[in-house]
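Below is one structure, written out as structure tokens, with a few remarks after it.
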Amino acid sequence: MPMDPPPDLAALSLVEIARLLAERKLPPVERWNPAHCGHSDMRIARDGTWFHQGSPIGRAEMVRLFSNILRREADGGYVLVTPAEKLDIEVEDAPFVAVELRAEGAGRESKLLFRLNTGDLVLADADHPVRFAGSAEAPRPYLLVRPGLEALIARPVYYELVARALEQHEPDRPAGLWSSGAFFAIEPAQGGVS
């Protein structure tokens, strides 16, 4: 089945983007419990590149298709799952990378929309929080894409977020960002994927 190319964020209004997000239907991987079948011979590198048997997967449509059946297990491992089989996949850091940001509004009225390396769109909100791991010297910012699956926020996008946080800093709060009514402090915190 052919997949539509990712939309151009700059050409869309927030209303159009909200419609696209509402229309996005993913397979119900959380309800599928097939027997474990082994390893997929696939790996997702830190930079978001997908590999099969050591070679990069060059077709964006294939990566996007596989990303739709990706799930994180209770033990912290990742699997590709269908109703008939479950295969392990190695993930070096996070399975996705947030490569583009579209920000609108200011302060509590802000909305931060991220495009992932798969072309998917994620609006930061209470269900899709931004968190910061690592240290002040080596921050590792992440966005929750769906339960158990995060996107590492690419360095250029992180710099955009920090610049936005500095220009909109409120004296009574730690440095951070608002999106869709949720506040995300820009400071490394303990914890991991929810």
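Taking residues in region 154-174 that are within 19 Å of K111 (Cβ to Cβ), and partners anywhere that are exposed (fewer than 12 other Cβ atoms within 10 Å of the Cβ), the pairs with Cβ atoms closer than 7 Å and at least 6 places apart or on different chains are Q168/A106; Q168/G107. Among all residues of region 59-67, there is at least one that is surrounded by 13 or more Cβ atoms within 10 Å (Cβ to Cβ) and charged (D, E, K, R). Mind listing just one residue for me: the one in region 125-139 that is part of a loop (DSSP other than H, G, I, E, B), within 17 Å of the chain's Cα centre (by Cα) and not charged (D, E, K, R) and, of those, farthest from G176 (Cα to Cα)? Within region 125-139, the match that is farthest from G176 (Cα to Cα) is A126. Screening H169 on (1) modelled with pLDDT under 80; (2) under 20 Å from R46 (Cα atoms) shows it passes everything except condition (2). Could you tell me whether any residue of region 177-190 is assigned to a loop (DSSP other than H, G, I, E, B), more than 30 Å from E30 (Cα to Cα) and open to solvent by less than 60 Å² (accessible area, probe 1.4 Å)? Yes, region 177-190 contains a residue that is assigned to a loop (DSSP other than H, G, I, E, B), more than 30 Å from E30 (Cα to Cα) and open to solvent by less than 60 Å² (accessible area, probe 1.4 Å). Given the structure, is E150 free of Cβ contacts under 8 Å to residues at least 60 places away in the same chain, of a type outside the set (K, R) and surrounded by fewer than 21 Cβ atoms within 10 Å (Cβ to Cβ)? Considered against the rule, which asks whether it is free of Cβ contacts under 8 Å to residues at least 60 places away in the same chain, of a type outside the set (K, R) and surrounded by fewer than 21 Cβ atoms within 10 Å (Cβ to Cβ), E150 comes out as no.
Within region 81-109, the set of residues being of a type in the set (V, I, T) and either assigned to a strand (DSSP E or B) or open to solvent by 50 Å² or more (accessible area, probe 1.4 Å) (or both) comprises V81, I89, V91, V97, V99. Of all the residues in region 106-150, those that are among the small types (G, A, S) and closer than 17 Å to E187 by Cβ number 6. Restricted to region 106-115, and to residues there that are touching a residue at least 60 places away in the same chain (Cβ under 8 Å) and in contact with a strand residue (DSSP E or B) (Cβ under 7 Å, 6 or more places away or on another chain), the residue that is farthest from E160 (Cα to Cα) is R108.
Could you go through region 47-54 and let me know if any residue there is open to solvent by 60 Å² or more (accessible area, probe 1.4 Å) and of a type in the set (A, V, I, L, M, F, W, C). No, because not a single residue in region 47-54 is open to solvent by 60 Å² or more (accessible area, probe 1.4 Å) and of a type in the set (A, V, I, L, M, F, W, C).
When we screen L112, L116 for residues that are open to solvent by less than 40 Å² (accessible area, probe 1.4 Å), closer than 15 Å to G176 by Cα and of a type outside the set (G, A, S), the only hit is L112.
Being modelled with pLDDT of 90 or more, touching a helix residue (DSSP H, G or I) at 6+ places or on another chain (Cβ under 9 Å) and open to solvent by 40 Å² or more (accessible area, probe 1.4 Å) is a description that does not apply to P156. From the list Y78, Y142, the one residue that fits, being closer than 21 Å to H169 by Cα, open to solvent by less than 30 Å² (accessible area, probe 1.4 Å), at pLDDT 95 or above and out of contact with any Ser or Thr (no Cβ under 7 Å at 6 or more places or on another chain), is Y142.
The values are calculated or read from the model by the stated rules, or taken from the named source; none is laboratory data. In this text the structure is predicted, and so the values were computed from the model without any measurement. Every residue, glycine as well, gets a Cβ built from its backbone with ideal geometry; the counts of neighbours run over all protein chains shown. Accessible surface is based on the protein model in full, side chains and every heavy atom, while ligands, DNA and RNA are left aside. Shrake-Rupley method; radii C 1.70, N 1.55, O 1.52, S 1.80 Å.
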